[in-house]
Structure formats: C-alpha cells, structure tokens
Amino acid sequence: MSRAAPRSLTAALQELTGALAPASTLARVQEVWEDAVGPAIAASARPTGERDGVLTITCEASVWAYELDLMADALIGRLNAALGRDCVRELRCRTG
C-alpha cells in the first residue's frame, strides 16, 4: 500500500483559514476584493465595513475615494459577480 504525498502547508492553511473565516458579507467581499477590482485599486483602497448591502471602502487618498465613487456601478457589478449573488447595493468611499 502506498502513501499519498503530503499536502503542502500553504494548501492546508488556506483550507483552515477558509473554515475559520466568518461567513459575513464583509469577509466574503474581502476575499474577492483584489480579483474583482484589480491590483491598482486593491493597493489603494480596502473594504472595511458593510451594513445592509452598503459597503464602506477606506481609501488612502481622497482622489481614490472620488474615483471609486465614479466607478461605483461597475465595481458593484464586478463584486456581486465575484460573490455569485447581489450582496452589495451601494459603495460608501472615505479616506482613512
């Protein structure tokens, strides 16, 4: 009988992290954030709160907050597509 190859530590930790992560909308948005919005936006803005479908985004500069306000409809569509359902209905962008 042969033994299966050992799993990588990274794969095991990702599985454990996924099992321990809260199932809140904010947590799910944070998981898909960079893939949904792209690396440039993800480097300058992050989701920090969610209540009743209103997602709060904290930006490093007011220029980013303004830009994301202008892109809100597109970003909401991409986020909801990545989440697989319509969880986000509005973005509230602020500087932090």
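The values are calculated or read from the model by the stated rules, or taken from the named source; none is laboratory data. None of the values given here were measured: they were computed from a predicted structure. Virtual Cβ from ideal backbone geometry, glycine too; neighbours counted across all protein chains shown.
Observations
- Counted residues, the range 30-60 - those being part of a strand (DSSP E or B) and surrounded by fewer than 19 Cβ atoms within 10 Å (Cβ to Cβ): 7
- Sole residue being in contact with a Cys (Cβ under 9 Å, 6 or more places away or on another chain) and either modelled with pLDDT under 95 or small (Gly, Ala, Ser) (or both), chosen from Ala36, Ala4, Ala65: Ala65
- Residues in the range 10-29 that are part of a helix (DSSP H, G or I) and under 14 Å from Arg85 (Cβ atoms) were compared, and the one that is modelled with the highest pLDDT is Val29.
- Being loosely packed, with under 12 Cβ neighbours inside 10 Å and basic (Lys, Arg) holds for only one residue in Arg7, Arg94, Arg78, and it is Arg7.
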